[in-house]
Amino acid sequence: MEELVLSVQHVTSGYYSGGFLRRGTYQEVLHDVTFEVRHGEILGLVGESGTGKSTLAKTILGMVKPDKGQVIHYTKRPQMVFQDPYSSLNPAYTVGWILEEPLRIFGKYSAPERKRRVREMLDRVELPEECLSARPEELSGGQRQRVSIATALIQRPRFLIADEPVSALDVTIQAQILKLLKTLRNELDLSYLFISHDLNVVYQLCDRVLVMKSGRIVEQGPVEQIFDHPQAEYTRHLLAAAE
Ligand SMILES: Nc1ncnc2c1ncn2[C@@H]1O[C@H](COP(=O)(O)OP(=O)(O)O)[C@@H](O)[C@H]1O
Ligand SMILES: [Mg+2]
């Protein structure tokens, strides 16, 4: 059997709202979700806005507890890249400081070793050294997303969850970031769960794809199979809408 990085088995999860004295009402978002992420692959997760894609990411990361089923990690904790680097990068600090921070908190490295790792990662995401002294607001959207990716990778995870990482970017910049993600996957031997509402982006990047509708996986398979021979009515609908 192929090596797995993640197994999600019959997961049902959602949110409790309101209710301090009384028990809050429960909204179930994910219903009996089952899939695996295999070592080295880029697995896409597509579906319309509000379908539960980010809830699935949060459930994998343990920020939302499954009510049923289980999430099994075969690597150390995955790292996350978000859509909006404005909110995920602290505007008060320089890029050099932001990149070094996880190493200060979690690593047992000397200051020179931390600096060396920061420079190496900056180089991997193809940013010039001048960026180290810049603050996030001084960078372009594409550069900021490169910093987010570097921040996620600096602790050397084996598995990355990217939640709409290129959705806020122009198409040309999108293509550059997708190319970078592919290169990093190959060079650093990573696996990704790549979340997007954009089928064109998923087609460019992913090896396999999960199609989600209203919190359920309605179809999954290799990208060519899903795009060329969709089985589910909903997948056909999504493909037609993306034409
Ligand atoms: N923190 C939250 N509390 C309550 N409901 C939430 C919360 N986050 C998301 N939801 C609801 O869960 C559903 C799925 O949202 P989400 O996972 O963000 O979808 P997607 O990422 O596919 O757009 C939506 O109905 C949304 O309103
Ligand atoms: Mg989302």
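The values are calculated or read from the model by the stated rules, or taken from the named source; none is laboratory data. Computed from a prediction, not measured in an experiment: that's the story for all the values here. Backbone-built Cβ (ideal geometry, glycine too); neighbour counts: all protein chains shown.
If I filter region 48-71 for residues that are among the basic types (Lys, Arg), away from ligand 2 (no atom under 13 Å from the Cβ) and free of Cβ contacts under 8 Å to residues at least 12 places away in the same chain, do I get at least one hit?
Taking region 48-71 as the starting set, the residues that turn out to be among the basic types (Lys, Arg) are 53, 58, 65, 68.
Checking which are away from ligand 2 (no atom under 13 Å from the Cβ) leaves us with 65, 68.
Narrowing further to those that are free of Cβ contacts under 8 Å to residues at least 12 places away in the same chain: none.
There is no residue in region 48-71 that is among the basic types (Lys, Arg), away from ligand 2 (no atom under 13 Å from the Cβ) and free of Cβ contacts under 8 Å to residues at least 12 places away in the same chain.
Take the residues in region 176-207 that are within 16 Å of ligand 1 (Cβ to nearest atom) and of a type in the set (Val, Ile, Thr), then tell me which one is nearest to Phe227 (Cα to Cα). Can you show your working first?
Of all residues in region 176-207, those within 16 Å of ligand 1 (Cβ to nearest atom) come to 193-199, 201-202.
Now drop any that are not of a type in the set (Val, Ile, Thr), which leaves 195, 201-202.
On the way: Ile195: 16, Val201: 12, Val202: 10 Å.
Checking each candidate, the answer is Val202.
Report whether or not Thr34 is within 30 Å of Leu239 (Cβ to Cβ), surrounded by fewer than 16 Cβ atoms within 10 Å (Cβ to Cβ), away from ligand 2 (no atom under 16 Å from the Cβ) and not charged (D, E, K, R).
yes
Name the one entry in Ile72, Ile60 that is loosely packed, with under 15 Cβ neighbours inside 10 Å, out of contact with any Lys or Arg (no Cβ under 9 Å at 6 or more places or on another chain), under 26 Å from Lys182 (Cα atoms) and aliphatic (A, V, I, L, M). Step through it out loud before you land on a result.
Details: Ile60 fails: loosely packed, with under 15 Cβ neighbours inside 10 Å.
Result of the check over Ile72, Ile60: Ile72.
In region 195-213, what residues are farther than 17 Å from Leu4 by Cβ, part of a strand (DSSP E or B) and under 16 Å from the mean Cα position of the chain (by Cα)?
Across region 195-213, the qualifying residues are Ile195, Ser196, Val209, Val211, Met212.
Among the listed residues Leu43, Leu30, Leu6, Leu61, identify the single one that is within 13 Å of ligand 1 (Cβ to nearest atom) and either in contact with a Phe, Trp or Tyr (Cβ under 7 Å, 6 or more places away or on another chain) or under 18 Å from Leu190 (Cβ atoms) (or both). Working first, answer last.
Working: Leu43 fails: within 13 Å of ligand 1 (Cβ to nearest atom); Leu30 fails: either in contact with a Phe, Trp or Tyr (Cβ under 7 Å, 6 or more places away or on another chain) or under 18 Å from Leu190 (Cβ atoms) (or both); Leu6 fails: within 13 Å of ligand 1 (Cβ to nearest atom).
None of the other options fit; the residue is Leu61.
Within region 81-99, take every residue that is among the hydrophobic types (A, V, I, L, M, F, W, C) and at pLDDT 95 or above and give me the one that is nearest to ligand 2 (Cβ to nearest atom). Spell out the reasoning first.
As a first pass, look at region 81-99 and keep what is among the hydrophobic types (A, V, I, L, M, F, W, C): 81-82, 89, 92, 95, 97-99.
When the remaining residues are screened for being at pLDDT 95 or above, the result is 95, 97-99.
Values: Val95: 26, Trp97: 28, Ile98: 23, Leu99: 25 Å.
Only one residue tops the list, namely Ile98.
Where residues in region 13-31 are surrounded by 13 or more Cβ atoms within 10 Å (Cβ to Cβ) and more than 16 Å from ligand 2 (Cβ to nearest atom), which of them is modelled with the highest pLDDT? Break it down into steps so the answer makes sense when it comes.
Of region 13-31, the ones surrounded by 13 or more Cβ atoms within 10 Å (Cβ to Cβ) are 13-15, 28-31.
Then keep just the ones that are more than 16 Å from ligand 2 (Cβ to nearest atom); that gives 28, 31.
Values: Glu28: 95, His31: 98.
Filtering region 13-31 for residues that are surrounded by 13 or more Cβ atoms within 10 Å (Cβ to Cβ) and more than 16 Å from ligand 2 (Cβ to nearest atom), the one modelled with the highest pLDDT comes out as His31.
Would you mind stating whether His229 is out of contact with any His (no Cβ under 7 Å at 6 or more places or on another chain) and surrounded by 15 or more Cβ atoms within 10 Å (Cβ to Cβ)?
So His229 does not fit the description; no.
Residue by residue, here is whether (1) farther than 30 Å from Asp67 by Cα; (2) of a type in the set (Val, Ile, Thr); (3) modelled with pLDDT of 95 or more holds:
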{"residue": "Glu137", "(1), (2), (3)": "yes, no, no"}
{"residue": "Arg146", "(1), (2), (3)": "yes, no, yes"}
{"residue": "Asn200", "(1), (2), (3)": "yes, no, no"}
{"residue": "Ile217", "(1), (2), (3)": "no, yes, yes"}
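Within region 81-101, which residues are surrounded by 17 or more Cβ atoms within 10 Å (Cβ to Cβ) and not charged (D, E, K, R)?
To start, the set of residues in region 81-101 that are surrounded by 17 or more Cβ atoms within 10 Å (Cβ to Cβ) comprises 81-83, 85, 88-89, 95-96, 98-100.
Of everything in region 81-101, those that are surrounded by 17 or more Cβ atoms within 10 Å (Cβ to Cβ) and not charged (D, E, K, R) turn out to be Val81, Phe82, Gln83, Pro85, Ser88, Leu89, Val95, Gly96, Ile98, Leu99.
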